[in-house]
Amino acid sequence: QQKQVETERIYNTQCPYCSMQCKMQLVEQTHVKRKTYKTIGTDNPTSQGRLCIKGMNAHQHPLHKDRIQYPLLKVNGEFVKISWKEALHYIKENVTEIQEKNGADALGVYGSASITNEEAYLLGKFARVALKTKYIDYNGRLCMSAAASAASKTFGMDRGFTNSLQEIPFTECIMLAGTNIAECQPTIMPYFEKAKENGAFIIAIDPRETATTKIADLHLKLKPGSDAALANGILKVLIEENYLDERFLQERVNGFEEVIQYVASLEFNIIEEITGVPLEEMYQAARMFGQRKTGMIFTARGVEQQTDGSAAVQNFLNILLSVGKIGKPRCGYGAITGQGNGQGAREHGQKADQLPGYRSIENHEHRMYIADVWNIEEKDLPRKGVSAYEMIEKIHDGEIKGLFLMCSNPAVSNPNANFVKKAFEKLEFLVVADMFESETAKLANLILPASSYLEDEGTMTNIEGRVTLREASFPCHGEIKHDWEILCEIAKVLGKEEHFSFASAEEIFNELRIASKGGIADYSGITYERLREEKGILWPCRSLTDKGTERLFETRFAHSDGKAMMVPVSNQAIVPKAKITEKYPLYLTTGRVMSHYLTGVQTRKSASLSARNFESFMEIHPSTAKKYEISNQELVQIESSYGRIVVRSKFSEGIRPDTVFVPFHWADSQNVNNLVSEKLDPACKMPGFKVSAVNISPSVKR
Ligand code: SF4
């Protein structure tokens, strides 16, 4: 009787988690005494109806009892409920006081790659027009910046995937470098499984065996941080054995002679020593990639989150260009984006150095164009700011005194997390818009109730560069507002109503289209109406009759002369990586597990997802554990020169004996970022999350 369904409602939406942006429906059933919910996948060109465990349980966090439903002001150390009117008044008073005393740049804005394109666009405009501050950056800096920087330097533009996913099953050789797609973007796996069925040779590059390396024909189990050197080893074989596509290089690439000359000067035995990969395996990888007619390379955080992440990715692109496997059917590159809107959120002006459409904030013409769209004087448009972690250093130094933060948890996600928390505690004014009291929100003066993926309408740009429309049919409960509404209301109390008088996400998108027109990420031909009809469009899309761009670089690259650019990449990073020593004798590398997303603020609220992984762990080879007298499933202390954490051991024969692995979804004493160095890649300001040097010991002394 209890189970009898009285009514059923369907809400169309997209998964809030990874960059696949799987389309799905929330099914709400009303029974005699209660409501039940389930999430099911729906057909679309990218995920084709599939969902992973995160998607299937995605409704659990927005419906959670801990959702923040009204503004909360911290009074005597406790959060108390206040009205929106009081919250906006509090913001106005603090913004005015701080900026009058210290100047406009005393305020900063910290954004997110989980918000919609409209919100990413609006947040950049909010910082520069409403607050007039140069300090804005976002959490994608810790995620996609190395791949974006490498693609921009090599190809002249950055769309993560140069091809649509539909080409993957038909390519003949695939290199998966530093990516665990089987856990991080599970619904992409069938594309690779199909390729394997069709005869593709798959090469995985990772210091440990994962669910992804299981599909590989060859697994190069390199030392953490040695990706650039490994790419040099593969290049050296390609050159020696004459697999180069000379015609392609002559006609379409600059800089290849310098790369050939440099790589020829390197010695195999040194590369072997740096990478820990046997020479014969490098030969096998290079031969397979060189011999097959078609091939694709994919990189992710394993290559990118290093102090030479940008250069390491460039070196994998050197491999691709040297054999001419790009700009042709079934050949290309893919940067596997992590966050839900990892692609779109980096295109519309949230980055310290960029304006919408990937325009440069330092280019006069670009500044003039955007100033015109925003109806301000070019001279009033702030200049370039600093990257996410550098903003935190400025908070610590007292230069930034107030911060607006949207949908991000930087107190946990940044490297050197103990320092970051101390920096946030110094802020005079911290406003956080979020769904939950995250570890960062707990440090805020004011928390604003933000909307979830179910309530928040807008466009997202998925892993392929396909712009999709996420409908928002579920109502906002309590006093929750759409994130874009929150920004507009704050801008209005700051006297900027004329620039922020938007009545819907679609209106913001229509301004974004104009702002992006003529830029690299050109969305001007995309409309909500088209997105509803066509189920997504790959940018650039320059007019209403443009079908979008499935494959990039078929006739020219995006540099002004139409050619790609190769540059030699050193085996060693300019900013040194952590080295193992007697005191810290093991490498630590970090990553994700399937059931959690980012710092776990949302997924740790989900009973089903938490049940799969309710605490962090340290993966360790049994032979290493024996040396340190550590048993399986025992609490272990891990210590670096930055801090220490305690997590449970988990034995794995698949990890290198000189390396331990800890996922990054947990906070406080389990937060692995407490152990990570603050050193940044000078090219893109990416921290070196993937290599630390640590010591380990049983947590309870025996
Ligand atoms: Fe799809 Fe990613 Fe969501 Fe899983 S987490 S359902 S793969 S969007």
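The values are calculated or read from the model by the stated rules, or taken from the named source; none is laboratory data. The model shown is predicted, which means the values in this text are computed figures rather than measured ones. We place every Cβ from the backbone using ideal geometry, glycine too, and count neighbours over all the protein chains shown.
Among the residues making up the range 58-97, those that are touching a strand residue (DSSP E or B) at 6+ places or on another chain (Cβ under 7 Å) and within 16 Å of the ligand (Cβ to nearest atom) are 58, 59. Residue 680 meets the conditions (1) surrounded by fewer than 17 Cβ atoms within 10 Å (Cβ to Cβ); (2) of a type outside the set (Phe, Trp, Tyr); (3) out of contact with any Leu (no Cβ under 9 Å at 6 or more places or on another chain) in every case but one. The failed one is (1).
Restricting the search to the range 366-421, which residues are touching a strand residue (DSSP E or B) at 6+ places or on another chain (Cβ under 8 Å), outside any loop (DSSP other than H, G, I, E, B) and of a type in the set (Ser, Thr, Tyr)? 369, 389 - these are the residues of the range 366-421 that are touching a strand residue (DSSP E or B) at 6+ places or on another chain (Cβ under 8 Å), outside any loop (DSSP other than H, G, I, E, B) and of a type in the set (Ser, Thr, Tyr).
Taking the range 262-271 as the range and being in a helix (DSSP H, G or I) and in contact (Cβ under 8 Å) with a residue 24 or more places away in the chain as the test, the residues that pass are 262, 263, 264, 268, 270, 271. For residue 16, the requirement of being more than 16 Å from the ligand (Cβ to nearest atom), buried (at least 19 other Cβ atoms within 10 Å of the Cβ) and either modelled with pLDDT under 95 or not aliphatic (A, V, I, L, M) (or both) is not met. Within the range 448-460, does at least one residue satisfy the condition of being crowded, with 19+ Cβ neighbours inside 10 Å, on the phi > 0 side of the Ramachandran plot and either under 21 Å from the mean Cα position of the chain (by Cα) or among the small types (Gly, Ala, Ser) (or both)? Yes - at least one qualifying residue is present in the range 448-460. The sole residue among 649, 697 that is part of a strand (DSSP E or B) and touching a helix residue (DSSP H, G or I) at 6+ places or on another chain (Cβ under 8 Å) is 649. Does the range 89-99 include one or more residues that are free of Cβ contacts under 8 Å to residues at least 12 places away in the same chain and of a type in the set (D, E, K, R)? There is at least one residue in the range 89-99 that is free of Cβ contacts under 8 Å to residues at least 12 places away in the same chain and of a type in the set (D, E, K, R).
Among the residues of the range 1-41, which ones are polar (S, T, N, Q) and under 22 Å from residue 334 (Cβ atoms)? Those that are polar (S, T, N, Q) and under 22 Å from residue 334 (Cβ atoms): 14, 19, 21.
Under the condition of being of a type in the set (Gly, Ala, Ser), touching a Gly at 6+ places or on another chain (Cβ under 8 Å) and under 25 Å from residue 536 (Cα atoms), the residues counted in the range 149-184 number 2. Among the residues of the range 450-475, those that are touching a helix residue (DSSP H, G or I) at 6+ places or on another chain (Cβ under 9 Å) and among the hydrophobic types (A, V, I, L, M, F, W, C) comprise 450, 460, 463, 467, 469, 472.
Looking only at the range 165-184, residues that are of a type outside the set (A, V, I, L, M), assigned to a helix (DSSP H, G or I) and away from the ligand (no atom under 14 Å from the Cβ) come to 4 in all. Which residue pairs have Cβ atoms under 9 Å apart, sit 6 or more places apart or on different chains, and have a first residue in the range 32-59 that is touching a residue at least 12 places away in the same chain (Cβ under 8 Å) and farther than 22 Å from residue 456 by Cα and a second that is β-branched (Val, Ile, Thr) and more than 10 Å from the ligand (Cβ to nearest atom)? No pair meets every condition.
Being out of contact with any strand residue (DSSP E or B) (no Cβ under 6 Å at 6 or more places or on another chain), surrounded by 20 or more Cβ atoms within 10 Å (Cβ to Cβ) and outside any helix (DSSP H, G or I) is not true of residue 294. Quickly run through the range 190-218 and pick out the residues that are within 16 Å of the ligand (Cβ to nearest atom), surrounded by fewer than 22 Cβ atoms within 10 Å (Cβ to Cβ) and either assigned by TED's automatic domain parsing to the domain that holds residue 51 or farther than 16 Å from residue 46 by Cα (or both). Within the range 190-218, just 211 meets the criteria. Residues that are out of contact with any Gly (no Cβ under 9 Å at 6 or more places or on another chain) and of a type in the set (Lys, Arg) occur in the range 15-33; there is at least one. For the range 582-599, filtered to residues that are out of contact with any Pro (no Cβ under 9 Å at 6 or more places or on another chain) and within 15 Å of the ligand (Cβ to nearest atom), the residue that is nearest to residue 39 (Cα to Cα) is 595. For residue 55, work out the one condition from (1) within 9 Å of the ligand (Cβ to nearest atom); (2) in a loop (DSSP other than H, G, I, E, B) it doesn't fulfil. Status for residue 55: all satisfied but (2). When each of 67, 128 is tested for being at pLDDT 95 or above and outside the structural domain of residue 390 (by TED's automatic domain parsing), the lone residue that passes is 67.
For the range 73-122, the set of residues classified as in contact with a Phe, Trp or Tyr (Cβ under 9 Å, 6 or more places away or on another chain), outside any helix (DSSP H, G or I) and over 16 Å from residue 481 (Cα atoms) consists of 73, 107, 108, 109, 110, 111, 112, 113, 114, listed by residue number. Based on this model, can you work out whether residue 11 counts as within 16 Å of the ligand (Cβ to nearest atom) and either in a strand (DSSP E or B) or among the basic types (Lys, Arg) (or both)? Against the criterion (within 16 Å of the ligand (Cβ to nearest atom) and either in a strand (DSSP E or B) or among the basic types (Lys, Arg) (or both)), residue 11 qualifies. Summed over the range 12-71, residues that are within 18 Å of residue 115 (Cα to Cα) and in contact with a Phe, Trp or Tyr (Cβ under 9 Å, 6 or more places away or on another chain) total 14. Exactly one residue among 153, 125, 134 is away from the ligand (no atom under 16 Å from the Cβ) and in a loop (DSSP other than H, G, I, E, B), and that residue is 134.
Among helices (runs of 4 or more DSSP H) entirely within the range 476-592, having at least 2 residues that are under 30 Å from residue 415 (Cα atoms) and among the aliphatic types (A, V, I, L, M) singles out 483-493. Against the conditions (1) polar (S, T, N, Q); (2) away from the ligand (no atom under 16 Å from the Cβ); (3) surrounded by 15 or more Cβ atoms within 10 Å (Cβ to Cβ), residue 4 satisfies every one except (3). Residue selection: residue 187 fails the criterion of being assigned by TED's automatic domain parsing to the domain that holds residue 320, touching a helix residue (DSSP H, G or I) at 6+ places or on another chain (Cβ under 8 Å), within 16 Å of the ligand (Cβ to nearest atom) and under 30 Å from residue 268 (Cβ atoms).
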